Amino acid sequence: MKFICDFMLGNLSKYLRMCNFDTIFIKNIEDDELIKRAFDTNRILLTRDRRLSERRIIKEKNIKTNLLKSNCVEEQIKQIEDILKITFNLDLKRCIRCNEPLYALDKEKIKDLVPSYIYKMNNTFLQCSCCKKIYWKGTHVDKMRNFFNSHLSGRI
Ligand SMILES: [Zn+2]
C-alpha cells in the first residue's frame with residue numbers, strides 16, 4: 001500500500017515510513033501536482049483539505065483519497081487503520097527522511113562513520129541508499145518504539 005501526503009501531513013509521513021509504507025511527502029507541492037503524482041504512481045492520497053478531496057478530477061481519475069479529520073497524528077493513524085484495515089507496526093526498512101529503502105551495511109565499513117560507543121554496542125547497521133544516513137537498531141529503534149508506545153498505547 002503506497003501513500004502520498006499533502007503538505008499538512010509531514011509528521012504522519014514519518015510514521016508511515018517507520019512502518020515501511022512507501023510514502024511521498026513534498027513540502028511545497030501544488031495541489032495539481034499532488035493529484036498528478038497520486039494518479040501516476042497509484043498512491044492513496046492522504047489529505048486534511050476537504051476542498052482538495054472533493055475536486056472533480058479526483059473522482060474522474062478514481063484516485064483513492066482519505067480525508068483525515070484530525071490534526072493529531074495518533075487520531076490520523078487510527079483513522080487510516082480503521083478505513084484501510086491495516087495496522088501500523090514499526091518496521092525499519094525505509095529512510096524516514098527520504099522514503100528510500102535501507103540496506104544492511106558491513107559493520108567493518110562503518111567503523112569511522114559512527115561514534116565508537118555506538119559501534120561497539122551494535123551489530124546491525126542500515127544505510128539509506130539516497131541520503132546515506134546510517135540507522136542502527138539500538139538507539140533508533142528504541143526511540144521509535146517509545147514514540148509509538150507513548151502515542152499508541154498497547155502497540156508493538
Ligand atoms: Zn535517506
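The values are calculated or read from the model by the stated rules, or taken from the named source; none is laboratory data. Being a predicted model, the structure only gives us computed values, none of them experimental. FYI the Cβ positions are ideal-geometry reconstructions off the backbone, even for glycines, and counts take in every protein chain you see.
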Within the range 1-18, restricting to residues that are closer than 13 Å to residue 80 by Cα and surrounded by fewer than 19 Cβ atoms within 10 Å (Cβ to Cβ), the one that is farthest from the chain's Cα centre (by Cα) is 1
Scan the range 116-131 and report the pairs whose first residue is polar (S, T, N, Q) and whose second residue is more than 14 Å from the ligand (Cβ to nearest atom) and assigned to a strand (DSSP E or B), with Cβ atoms within less than 6 Å and a gap of 6+ or a chain change.
122/136
Tell me which residues, restricted to the range 81-99, are free of Cβ contacts under 8 Å to residues at least 60 places away in the same chain and within 23 Å of residue 65 (Cα to Cα).
81, 82, 83, 85, 87, 98
Would you confirm whether any residue within the range 19-35 is crowded, with 16+ Cβ neighbours inside 10 Å, assigned by TED's automatic domain parsing to the domain that holds residue 80 and over 26 Å from residue 128 (Cβ atoms)?
yes
